[in-house]
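Notes follow the structure.
The values are calculated or read from the model by the stated rules, or taken from the named source; none is laboratory data. Quick caveat, the model's predicted, so the values are computed rather than measured. Every residue, glycine as well, gets a Cβ built from its backbone with ideal geometry; the counts of neighbours run over all protein chains shown. In case anyone asks, the SASA skips ligands and DNA or RNA and just uses the protein heavy atoms, side chains included. Shrake-Rupley method; radii C 1.70, N 1.55, O 1.52, S 1.80 Å.
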Amino acid sequence: MADTPTAPVVVIGLGRFGTALAVELDRRGTEVLAIDGNPAVVQKLAGRLPHVVTADSTDAEALHQLDITAFHRAVVAIGTDIQASILTTALLSDLGIRDIWAKAVNAQHAGILSRVGAHHVVFPENDMGERVAHLLSGRILDYVEVDADFAVIKTTPPRDVVGVPLRESRLRSRWGVTVVAVKPQAPAPGAPRGFTYATPDTVLAYGDIVLVVGAIDKVERFAETD
Ligand code: ATP
C-alpha cells in the first residue's frame, strides 16, 4: 500500500473523536478499518462505516488477526483509558506501522505517546480551545495553526497597509507576514468575487478579506491592529 493521502487508515477507539474521524475519512473515499473494544459501539456504527470490528487493541494477537501490518497509517483515538492508549500505540510501533497518530488528553500523556512511538500527537480539546480563542479575539475570521509557531489566518487588513500596492506596504519587514490571497469587499465590475492570489501589484482596501501566513505572534499582531 502506498502512503498516498487516500492510503487505508486504521482508526482505533470510536468515541466522538474517532467516530468523526473515521466517518469523514470514509466520506472522502479513504478506506478505513474502524476498531473498538465495545461491541455495542461497533454495532451502532455498523450502518455508517463499511469496516468496523470489535477487538481489544492492547491484545497483540487480536491486531495480528486483523492483519494490522497491512496498514501504514493508524490513529489511536482512545482518550480516557490512558493505559490502553499507550499500550496500543506501543504495539503499533513494535509492528512497524509507519505513520501513527495518537490522541492525548494531557501533556504528560502526549509525552509518553511520543516516547512509545507515536509520530504525531493531537490534543483535540486543547487545539479547539486555542482556535476558538483566536476566533473570539481581534478580527481573526478563521485560524489554522500549521506548525508549532506558524499559522494561516483569515482577517481584514490594518488601515496602514491599505491603498498602496503590497510591494510598497513592506508587509514582511514591518509586520513579518505575507498576504497570499485577497477577497475584495467591493469587487470591481467584472472582477472575481471570491479569493484571488495576491501579487506585488495588489492594492488592499479597508474591509477586504485577506489570507495571511506567518509566525503566530506576527499574524496575531497584524489581525489585532486597526
Ligand atoms: P471522545 O472524547 O472522542 O468521545 P474519549 O476520550 O472519551 O473519547 P474513550 O471513551 O476513552 O475516549 O475511548 C474511546 C473509545 O475507545 C471507546 O468507545 C472505547 O470503547 C474504546 N476503547 C478503549 N480502550 C480500548 C481498547 N483497548 N481496544 C479497543 N477500543 C478501546
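Couple of notes before you dig in:
- Globularity index of segment 9-122 is 0.96 (Cα radius of gyration / 2.2 N^0.38 Å, N = number of residues).
- Candidates per trypsin sites (Lys or Arg not before Pro) in segment 19-77, loop by DSSP, up to 15 other Cβ within 10 Å: Arg28, Arg48
- Efficiency of FRET between Thr69 and Ser137 - r from beta-carbon atoms, R0 30 angstrom, step 0.05: 0.05
- Spin-label model distance (nm) - Arg98 vs Ala191, 7 Å beyond Cα toward Cβ: 4.6
- Listed by chain and number, the lysines whose C-alpha is less than 28 Å from the C-alpha of Lys44, apart from same-chain residues fewer than 8 away, are Lys103.
- For segment 97-186, fraction of C-alpha pairs farther apart than 16 Å, in %: 67
- 16 Å Cα-Cα reach of Lys154 towards aspartates and glutamates, excluding residues that sit fewer than 8 places from it in its own chain: Glu130, Asp142, Glu145, Asp208, Asp217, Glu220, Glu224, Asp226
- For the set Tyr143, Tyr206, the ranking by accessible area, highest first and with no ligand, DNA or RNA atoms included, is Tyr206, Tyr143 under a 1.4 Å probe.
- For the chain: relative contact order, % (alpha-carbon pairs under 8 angstrom, 6 or more apart): 14
- Full extension of the chain between Gln108 and Asn126 gives 5.1 nm of extra length, using 0.36 nm per residue less the Cα-Cα distance.
- Where the chain is the region considered: accessible area per residue in Å², 1.4 Å probe: 55
- Alpha carbon centroid spacing (whole Å) that separates segment 178-226 from segment 1-78: 40
- Distance in nm between pseudo-label sites at Asp226 and Arg27 (7 Å out along the Cβ direction from Cα): 3.9
- R0 of 25 Å, Cβ-Cβ distance His51-Thr80: FRET efficiency to nearest 0.05: 0.55
- Comparing Phe71, Phe123, Phe150 in a Gaussian network model of the chain (Cα springs below 10 Å), the most mobile by mean-square fluctuation is Phe150.
- Equivalent ellipsoid semi-axes, the chain, via Cα gyration tensor eigenvalues times 5, rooted, Å: 44, 19, 15
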